[in-house]
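Take a look at the structure set out below.
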Amino acid sequence: MSSSEAAPVSRSGFRTETSGARLLRLGHQLGFFLLSLAVTFLGLTAVTFFIGRFIPVDPVLAVVGDHANHDVYEKTRLAMGLDRPIIVQYVIYLKKVLAGDLGESVMTSQPVLADLLTFFPATFELATLATIFGVLIGVPAGVAAGAQKGRWPDHVVRVLGLFGYSTPVFWLGLVGLFVFYGKLGWVAGTGRLDVGYDDIVTTRTGVLLIDSALQGEWDVFRNAVGHLILPGAILAYYSLAYIARMARSFMIDQLGQEYVTAARVKGRSFWGAVWLHAFPNIMVPLITVIGLSYASLLEGAVLTETVFAWPGLGRYITQSLFNADMNAVLGGTLVVGAVFIGINAFCDFLYKIFDPRLRRA
Amino acid sequence: MIKHLKYALLAGALVAFAPTAFAETPKDTLVIAKQIDDLISLDPAEAYELSGIEVLANSYDRIMRFEPTDITKLVGGVAESNTVSDDGKTFTFKIRSGLKFASGNPVTAQDAAFSLQRVIKLEKTPVFLLSQLGWTKDNVDKLVTAPDDSTLKITITEDYAPSLVYALLSSVVGSVVDSKVAKEHEKDGDFGYNWLKTNSAGGGAYVIKSWKANDSVVLEGNPNYRGGAPKLNRVVLRHIPEPAAQRLALEKGDVDIARNLTPDQANGLSGNKDVAITSVPQALLYYVAMNLKTKEFQDPKVRQAVRYLIDYKGMADTFLKGKMQVHQSLWASGFWASYDENPYSFDADKAKALLKDAGYPDGFSVDMDVPNSDPFTNIAQNVQSTLAKGGIKVNLIPEETKALLTKYRARQHQMLMIYWGPDYMDPHTNADGFAHNTDNSDGAKGHPLAWRNAWPAEEETKMTDAAVKERDTEKRKQDYIDLQKKVLETGPYAIMFQSTDELAQRSNVKGFVEGPSSDVVYYNLTTK
């Protein structure tokens, strides 16, 4: 770990030059990052905007409903700016977004930004919990399966993984509710809290576990945990299945390499070779896998959110799409874009920690 | 920091794994599981979705009203009495004395006038309910006035039967808004609209405490309510989209009432002593529309044949049992002036003879747009199979409802299946939709159902116009019955069913009032 720091230090002049160059390089990287961010957002909004305008649903209908008369319909159409050329509509939208105004959602009668601030934390809480469990269980399981290829731990992990991968989440959610909530009563039902616990905690982060813990409302915390466990476990199962499968195949790949044999010849135990030699080498691809799985959960798991009446981002975006509520769809898409870019950047950062080759230059 | 985190994690783990007892619903709170994602506004001048209207029925009093204690009789709400001038154009309402809004402000005739005027001036979806009386932005201040605190005077410029005017004032736009509170929150001359979209300023049994879209609505009792403070002080409507999850929550006692159970689920609960199920007929009509832009449907015999090729009873007795009842005329059963005869039943021979007469002995092919949701998909498949028995080959096109309506309003369909709900409790609402068409051109301003199906409805339009003006109530009733009989023969519709709701409640819950429309669902008499 310390080798890269040690190499070019001996002369002070050398060092200043290096840090100057490093600063420049960091500046370049940051500039490039911001540019790619801007281009991605522009592309995302453009594609979403134009798709939104070309789907065969009349956005005015979402506002006024089917029974409205002609005058109301026309007035609303004009108010929404739908009479203007589509390019003009897009430019107007962009200008507003740059000013921090994502518009108002038709469905919720709230500014889209306020909506995102309530719906995203709900999804964030669920996705983060699921990913933590997915990693904690999935990685060791995958590694063990890969190391024991063809033997019983491998079969167990593979069968469970396949089941997790191929069972419809909708079904699993309902069965889970039926068994653990309906029959056994181990977990709470749908939604984020029971009725009696609503509105006790003031919203700060929107993540109930954090808010309730910060305010010392342990009853609410407990209730929130009860509501989180089941949807969290089901999503964890999915991400676990994926992570374990990938970890297994990465591991099999590494264990076939010569350096592992060399380590064994030098007297390393089998598990020592697996964890100390092979495992560090699967970290980089594994981070990519975990990052992608986390990002896809943060997008919102629509079906899980529907079964568990979870007011999350996935359902918000889906609902808005069905209602041609374009401001909400665009806002949601921007969040999803930001999540992907953020997670990519974070993964890049982790690569540098785990891959010595990326640490230099 | 790390140390704190460790304790926090430990605490988290402990509570997570400790056996958790989940509470029953709080004693003073009625918890209702319902799909409320249709709710988009709580302003009575704008709300036009079923959930929105239901919440408003409980948080605002109206000028005229179907009272919670008797939802079959239209009586005065904030109005104690009313009189009509001899020409039937001017109505004078006496406002009850001593009434108060939830805010404590007295309910006055000015509030009532303000409420009606703001509906017209805001010009949102339900404005047509009142604008059909001849009110416009320019004349409404003159036609709707409050000469003193207890007198509301309204004048209509159209010839409308008084019973229709009363029905309109009992609909959501007849909600009386606390004008002082609305004005306090007024911004840029919006009559408080931006605030009232998510808050309430009424005198109904409840006050709206919060509305979290796609999540919940919380109501709290209004001690000033005319009918007395509600028996349960809090009502929570929880959005649980999945009916199976609603059923589980009801069985566990986490909710007191589940509103969206499927018939299967309701049947599954029949042995459960803790749950009681009631069927409540609704005013929604499910129908097949035939567009006269498709040349085959221009022949009334073909439309008649289609009506004979639907197995109404077969469906109602099997997969729609508990969900639908057969109803074929345009005004739902159980309402004043409904026509309850169902002349059509599946008869392939009769249909084939009609098709032969019309020049289609071998039938024809046609597209049918259908919403891609329950129960439409099942009904559509059944209709497809029975129409095939008469030689009509139906190609089903499943779509998202909003996309389907967009197509319907542009009359680009051939056949289409959808439902229709009344706007208020008077047959004119449906007659106007199904049987009234004053301009059948493509550029017409109005898009009633008759227009959408390119049906000129010349005679039926005249009949509708006559019925709406008829001031003799008995004669008016007969007019509507005649109209319904006529449309059954001539219309471009095969009306099939009237829907039924399954209301599932915990058996300790009593007094919940659910009528045939969202205007008459009341929470305030409920006990548990």
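Solvent exposure of B:Tyr225, expressed as accessible area, is near 20 Å², computed with a probe of 1.4 Å over the protein chains only. Over chain B, with every protein chain in place, what whole percent of the accessible area is carbon and sulfur at 1.4 Å, could you tell me? Here carbon and sulfur together make up 50 percent of the probe-accessible area.
Taking each DSSP H run with n ≥ 4 as -39500 (n - 2.57) and averaging over every residue of chain B yields -9000 deg cm²/dmol at 222 nm. Computed from label points 7 Å out along Cα-Cβ, the spacing between A:Phe180 and B:Asn378 is 3.1 nm.
With Cα atoms defining each centre, the stretch B:370-409 and the stretch A:136-191 are spaced 39 Å apart in the structure. Electrostatic bookkeeping for A:Gly146 treats Lys and Arg as +1 and Asp and Glu as -1; over the other residues with beta carbon under 14 Å from its beta carbon, the sum is +3. As a calculated quantity, the FRET efficiency between B:Asp465 and B:Asp442 at R0 = 22 Å, using C-beta atoms, amounts to about 0.40. Between the stretch B:281-322 and the stretch B:81-95, what's the alpha-carbon centroid distance in Å? Result: 42 Å between the Cα centres. When restricted to Cα atoms, the stretch B:381-499 yields an Rg and a Dmax of 15.8, 47 Å, respectively.
Each Lys or Arg adds one and each Asp or Glu subtracts one; over the other residues with Cβ under 12 Å from the Cβ of A:Val289, this totals +2. Could you tell me the relative contact order of chain A? Use alpha-carbon pairs under 8 Å, at least six residues apart, and round to a whole percent. Relative contact order, chain A: 25 percent.
Three principal axis extents of the stretch A:276-361 based on alpha-carbon atoms, in descending order, are 52, 28, 14 Å. Solvent-accessible surface of the stretch A:19-98, taken per residue with a 1.4 Å probe and all protein chains present: 61 Å². Taking A:Leu276, A:Leu334, A:Leu235 as the candidate residues, the one with maximal mean-square fluctuation in a Gaussian network model of chain A, Cα springs under 10 Å, is A:Leu276. For A:Gly272, the shell of other residues with beta-carbons less than 15 Å away shows a net charge of +3, using +1 for Lys and Arg and -1 for Asp and Glu.
In this view, the solvent-accessible surface of B:Asp178, computed with a 1.4 Å probe and all protein chains in place, comes to about 0 Å². Seen from a random direction on average, the alpha-carbon convex hull of the stretch A:112-358 projects onto 15.9 square nanometres. Grouping the Cα pair distances of the stretch A:19-98 into 5 Å bins from zero gives a pair-distance distribution of 3, 12, 16, 16, 13, 10, 7, 6, 5, 4, 3, 2, 1, 1 percent in increasing distance order. Remark: spin-label model distance B:Lys73-B:Thr278 equals 1.9 nm, labels positioned 7 Å along the Cα→Cβ axis. Legend: mean number of C-beta atoms from other chains within 10 angstrom of residue C-beta atoms, peptide B:266-272, equals 0. Here, the protein assembly as shown is characterised by an Rg to Rh ratio of 1.03, where Rg is the alpha-carbon radius of gyration and Rh the Kirkwood radius.
Rolling a 1.4 Å probe over the protein heavy atoms gives the stretch B:260-347 an accessible area of 41 Å² per residue. Surface composition of the stretch A:112-358: carbon and sulfur make up 69 percent of the accessible area, probe 1.4 Å. If you wrap the tightest convex hull around every Cα atom of chain B and split its volume per residue, you get 182 Å³. Calculated on the alpha-carbon coordinates, the convex hull of the stretch B:56-178 measures out at 103 cubic angstrom per residue.
Legend: P(r) of the stretch B:171-250 from all alpha carbon pair distances, 10 Å bins from 0, whole percents, reading 17, 36, 32, 12, 3. A run of chain A free of exposed loop cleavage sites, with trypsin sites (Lys or Arg not before Pro) counted only in DSSP states other than H, G, I, E and B and at most 12 other beta carbons within 10 Å, reaches its longest extent at A:12-150.
Chains A and B together bury some 4800 Å² of accessible area, summed over both sides, with a 1.4 Å probe.
The accessible area of A:Ile341, taken with all protein chains in place and a 1.4 Å probe, comes to roughly 20 Å².
Spin-label model, B:Glu80 to B:Ala353: label points 7 Å out along the Cα-to-beta-carbon direction sit 6.5 nm apart. The radius of gyration of the Cα set in the stretch B:281-501, together with its Dmax, comes out at 16.4, 49 angstrom.
Surface listing: B:Val84, A:Val47 arranged by accessible area from highest to lowest gives A:Val47, B:Val84, probe 1.4 Å.
Helices that extend 15 Å or more along their long axis by alpha-carbon positions and average at least 1.0 on the Kyte-Doolittle scale are, among the DSSP H runs of chain A, A:86-98, A:112-147, A:279-298, A:326-354.
Averaging the Cα positions of each part gives two centres, and for the stretch A:236-276 and the stretch B:438-492 these lie 77 Å apart.
Secondary structure note: in the stretch B:281-501, about 60% of the DSSP beta bridges are antiparallel. Among the trypsin sites (Lys or Arg not before Pro) found in the stretch B:103-171, those both in a DSSP coil and sparsely packed, with 15 or fewer other Cβ atoms within 10 Å of their Cβ, are B:Lys137.
The values are calculated or read from the model by the stated rules, or taken from the named source; none is laboratory data. Values in this document were obtained by computation on a predicted structure and should not be read as measured data. In this analysis, Cβ positions are derived from the backbone assuming ideal geometry, glycine residues included, and neighbour counts consider all displayed protein chains. The protein model used for the area step is the full one, side chains on, heavy atoms only, and it has no ligands, DNA or RNA in it. Shrake-Rupley method; radii C 1.70, N 1.55, O 1.52, S 1.80 Å.
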